[in-house]
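Reading through the structure tokens given below for one structure.
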């Protein structure tokens, strides 16, 4: 198992997931200040918008943070690459597309590159292209998802067996038990998103946080399968509308319009659940309180240690019984 903390210059092996157009400096800085790796997701934002968030984040923390660029989502790929080089961002995560054309250029500027993958094939290609870390994201995750629909529990050990670079587990993780489980599967850390929405520093609408607090295991649903664009969102009035429209049949263009970043921001930032949606992973069913980011991350580390120590004690008993 690799030590990604040394590689990324962070205290704890916990990375914030990219949140697209609802990314903000407050939450990113809070994650980095708490010892994890905060992340700004570019989504479809202009380079100027992302740059403003970077500048504000640097004012709030002197700790490392990452920029996530969704390759096939942003219309500003080249401009964003130039901009992150200009601001000397230490870690870049690349998702939703082929990272190969960009890795060597980023390495020339001493940047670590994280590639988001959803299968062994994707992982092997990203490793061959030079990615420093792979985030293996299971189908439990919020937002845009792989159509392969592999779960985190099966995806992580498969990829760990086939590549040599560090693996970070994502999808369905939001507490210390999930962190411990991921590491037992061979991951070197975790990436979390949904759980960070329900934190005190997250500047999202209270209705969003309340939806997560009220959610159970069936409230994180998938839309978009019929057009090959699976997205996991939380049940709401707008989510019901999407299901009804999709049931009657829709084109990719109609789906993209109905699930645009504008609709996402209506739900997440304005709490308008009739005209906008909110992303959410299956981990929503585990969220029971709104903590500070520091409380959340510290609690995850403490709980993970307890869980792993308990597991060692139980396995030691098994070993003793076998030897008898």
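The values are calculated or read from the model by the stated rules, or taken from the named source; none is laboratory data. On a predicted model such as this, the values are computed, not experimentally measured, just so you know. Here Cβ is always computed from backbone atoms with ideal geometry, including for glycine, and neighbour counts include all displayed protein chains.
Table for the structure above
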{"read-out": "Condition broken by residue 191, with the remaining ones in (1) touching a helix residue (DSSP H, G or I) at 6+ places or on another chain (Cβ under 9 Å); (2) buried (at least 24 other Cβ atoms within 10 Å of the Cβ); (3) within 29 Å of residue 270 (Cα to Cα) satisfied", "value": "(1)"}
{"read-out": "Every residue from the stretch 153-174 that is outside any helix (DSSP H, G or I) and crowded, with 21+ Cβ neighbours inside 10 Å", "value": "166, 167, 168, 169, 170, 171, 172, 173, 174"}
{"read-out": "Tally of residues being in a helix (DSSP H, G or I) and in contact (Cβ under 8 Å) with a residue 60 or more places away in the chain across the stretch 30-50", "value": "3"}
{"read-out": "Condition met for residue 169 (under 17 Å from residue 122 (Cα atoms) and within 11 Å of the chain's Cα centre (by Cα))", "value": "yes"}
{"read-out": "Residue check for residue 150: part of a helix (DSSP H, G or I), surrounded by 16 or more Cβ atoms within 10 Å (Cβ to Cβ) and outside the structural domain of residue 223 (by TED's automatic domain parsing)", "value": "no"}
{"read-out": "Boolean, residue 79 is farther than 27 Å from residue 136 by Cβ, within 21 Å of the chain's Cα centre (by Cα), surrounded by fewer than 18 Cβ atoms within 10 Å (Cβ to Cβ) and at pLDDT 95 or above", "value": "no"}
{"read-out": "Test: residue 228 is under 21 Å from the mean Cα position of the chain (by Cα), farther than 14 Å from residue 283 by Cα and surrounded by 15 or more Cβ atoms within 10 Å (Cβ to Cβ)", "value": "no"}
{"read-out": "Top-ranked residue in the stretch 289-324 [being surrounded by fewer than 17 Cβ atoms within 10 Å (Cβ to Cβ) and assigned to a loop (DSSP other than H, G, I, E, B); ranked as modelled with the lowest pLDDT]", "value": "324"}
{"read-out": "Boolean, residue 15 is in contact (Cβ under 8 Å) with a residue 60 or more places away in the chain, within 25 Å of residue 180 (Cβ to Cβ) and in contact with a strand residue (DSSP E or B) (Cβ under 6 Å, 6 or more places away or on another chain)", "value": "yes"}
{"read-out": "Residues of the stretch 134-160 satisfying the condition of being within 24 Å of residue 3 (Cβ to Cβ) and either touching a helix residue (DSSP H, G or I) at 6+ places or on another chain (Cβ under 6 Å) or without any contact (Cβ under 8 Å) to a residue 24 or more places away in the chain (or both)", "value": "134, 136, 138, 158, 159"}
{"read-out": "Tally, over the stretch 114-131, of residues that are over 17 Å from the mean Cα position of the chain (by Cα) and either in the same structural domain as residue 229 (by TED's automatic domain parsing) or touching a residue at least 40 places away in the same chain (Cβ under 8 Å) (or both)", "value": "1"}
